[in-house]
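To keep things clear, I will list the structure first and then write my remarks on it.
The values are calculated or read from the model by the stated rules, or taken from the named source; none is laboratory data. Only a predicted model underlies this, so the values are computations on that prediction, with no experimental measurement involved. Note that each Cβ is placed from the backbone with ideal geometry, even for glycine, and that neighbours are counted across all protein chains shown.
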Amino acid sequence: MSQSLTSQLFAATEGFPAVDTIVLGQDVMPGQWVALPTKKEFGWIIQKGWGLSGATVRPGGDELIVAPFAVGFWNAADWVAFQPLRKKYLSKALFSVAGNLTYAIGIVHPELNALGVRSVVPKSVPIFTNNGKGKWIGTVEFLEYRKPRPALEAPAAAIPAAAAPVPSAQDALEAEVAKHAAELAAARGG
């Protein structure tokens, strides 16, 4: 059974994807590309009342994700293979996709794709430097690309929290203790 290139690149190792590269456009990037921590921030509009504490929130537009990658090259073959791809993808250039011009580049990376990121544009490109041990390193940042779309409508109401349970006797013994406590309180006049 033949596997797709993406399946081969991102094969799971003990349940986790083994990811040390990305696919930009149709090209597997040479060298090591390790995703650095990032997050998806949801857009909320906070409306505080005048002279009141607390606030209401309603959906706003979601922020674009910035996806940083630590990039490293150990051997000359990867560095040489990277140069035309660097020129092709890591510049603020227009790309032709099916006859349409765009800045966006398709990206394949399991975690970014799980957050809904399918296209990116280069945000920042480094000058690669030697770490003194033969590895050329830099951090490349991509910015999510997606067409604007309407934000969700403001909700009519909040989902109510479950009502707090009213304490009750758990079993016959607790019920009997509660009964005797009430009799004692009545006898004391309270």
Scan THR56, THR38 and give me the residue that is modelled with pLDDT of 90 or more and among the hydroxyl-bearing types (Ser, Thr, Tyr).
THR38
Please indicate, with yes or no, whether at least one residue in the range 37-53 is of a type in the set (Phe, Trp, Tyr), farther than 25 Å from ARG149 by Cβ, within 22 Å of the chain's Cα centre (by Cα) and assigned to a strand (DSSP E or B).
no
Go through (1) surrounded by fewer than 13 Cβ atoms within 10 Å (Cβ to Cβ); (2) touching a strand residue (DSSP E or B) at 6+ places or on another chain (Cβ under 8 Å); (3) under 19 Å from VAL19 (Cα atoms) one by one and return the number of the condition PHE69 breaks.
(1)
For a quick check of your reading of the model, give me the residue pairs whose first member lies in the range 163-189 and is at pLDDT 80 or above, whose second is surrounded by 10 or more Cβ atoms within 10 Å (Cβ to Cβ), with beta-carbon atoms closer than 6 Å and at least 6 apart or on different chains.
ALA178/ALA169
Can you name the number of the only condition in (1) farther than 19 Å from PHE42 by Cβ; (2) assigned to a loop (DSSP other than H, G, I, E, B); (3) at pLDDT below 80; (4) not small (Gly, Ala, Ser) that PRO155 fails?
(1)
Condition first: small (Gly, Ala, Ser) and part of a loop (DSSP other than H, G, I, E, B). Can you find one or more residues in the range 59-71 that meet it?
yes
Hey, can you tell me all the residues within the range 1-34 that are in contact with a helix residue (DSSP H, G or I) (Cβ under 6 Å, 6 or more places away or on another chain), surrounded by fewer than 17 Cβ atoms within 10 Å (Cβ to Cβ) and modelled with pLDDT of 90 or more?
ASP27
When (1) hydroxyl-bearing (Ser, Thr, Tyr); (2) touching a residue at least 12 places away in the same chain (Cβ under 8 Å); (3) within 21 Å of ASP20 (Cα to Cα) are applied to THR129, the one that fails is (2)
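Scan the range 103-144 for residues that are assigned to a loop (DSSP other than H, G, I, E, B) and either under 14 Å from the mean Cα position of the chain (by Cα) or among the aliphatic types (A, V, I, L, M) (or both) and jot them down.
Listed by number, the residues that qualify are ALA104, HIS109, LEU115, GLY116, VAL117, ARG118, VAL125, ILE127.
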Failed condition for LEU115, given (1) modelled with pLDDT under 85; (2) within 30 Å of THR56 (Cβ to Cβ), with all others met?
(1)
